[in-house]
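The values are calculated or read from the model by the stated rules, or taken from the named source; none is laboratory data. Note that the structure is predicted; figures quoted are calculated from it, not measured. A quick note on method: Cβ atoms are made from the backbone with ideal geometry, for glycine too, and the neighbour counts reach across all protein chains shown. Calculation scope for accessible area: heavy atoms of the full protein, side chains included, ligands and nucleic acids excluded. Shrake-Rupley method; radii C 1.70, N 1.55, O 1.52, S 1.80 Å.
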Amino acid sequence: KTILCGLALSAAAFAQNPLVDGSKSIYNGTKANILKSADKISDDLWSWRPTPDVRSFGELFAHIADGQYEFCGPVNEGKILDKGIEKSKKTKAEVVAALKEGFAYCDAAYGKITAANAAEGVPFFNGKPMARISIMDFNAGHNLEHYGNLVTYMRLNKIVPPSSAK
């Protein structure tokens, strides 16, 4: 196994479909760090925000959950889905459940991508086509962007982020 940014990549698995498997490994790393982060945030910190102008912990997790449908919808169903999680789910239990469902939805999208169809264009934002694998990479990038927010929030609250924990 090769370790890349904390992700274990099996050489045999990577050799079968390097484009999809590499993308999925990065996505799986973001998923793990985000779910572990949610576990570290207590109920009393769920609505904490560093300034009034930014999302709270809970809103960030809900936003990430919404993103799973927006990004993986085109691969799964040919269209972006708006679940409205950030607007409708407020408690930690509701948001974490929605987050897990969103990640399962993206896991299913990865199950539909093959070496043969990874570069195939599907309608994305504004109906413009984008390669399936590029949309999935966009999702991983979005997850990483907001994991960065979570890392800062955790550090401000003296919580060690999952990617820094031993």
> Among (1) over 21 Å from Asn28 (Cα atoms); (2) surrounded by fewer than 18 Cβ atoms within 10 Å (Cβ to Cβ), which single condition is Lys100 missing?
Replying inline: (1)
> Across region 72-82, which residue is most open to solvent (accessible area, probe 1.4 Å) among those that are farther than 21 Å from Lys36 by Cβ and either under 11 Å from the mean Cα position of the chain (by Cα) or in contact (Cβ under 8 Å) with a residue 40 or more places away in the chain (or both)?
Replying inline: Lys79
> Can you pull out the residues in region 122-137 that are open to solvent by 70 Å² or more (accessible area, probe 1.4 Å), outside any helix (DSSP H, G or I) and of a type outside the set (Lys, Arg)?
Replying inline: Pro129
>> If I filter region 36-65 down to residues being in contact with a helix residue (DSSP H, G or I) (Cβ under 7 Å, 6 or more places away or on another chain) and over 13 Å from Lys90 (Cα atoms), which single residue comes out as surrounded by the fewest Cβ atoms within 10 Å (Cβ to Cβ)?
In response: Pro50
> Counting only residues that are of a type in the set (Val, Ile, Thr) and open to solvent by 50 Å² or more (accessible area, probe 1.4 Å), how many does region 83-97 have?
Replying inline: 1
> Pairs under 6 Å by beta carbon, first residue under 27 Å from Ala131 (Cβ atoms) and without any contact (Cβ under 8 Å) to a residue 40 or more places away in the chain in region 91-109, partner surrounded by fewer than 15 Cβ atoms within 10 Å (Cβ to Cβ) and acidic (Asp, Glu), six or more apart or different chains?
Replying inline: none
> Mind checking which pairs have a first residue in region 122-133 that is touching a residue at least 12 places away in the same chain (Cβ under 8 Å) and a second that is assigned to a helix (DSSP H, G or I) and basic (Lys, Arg), Cβ under 7 Å, 6 or more apart or different chains?
Replying inline: Val122/Arg132
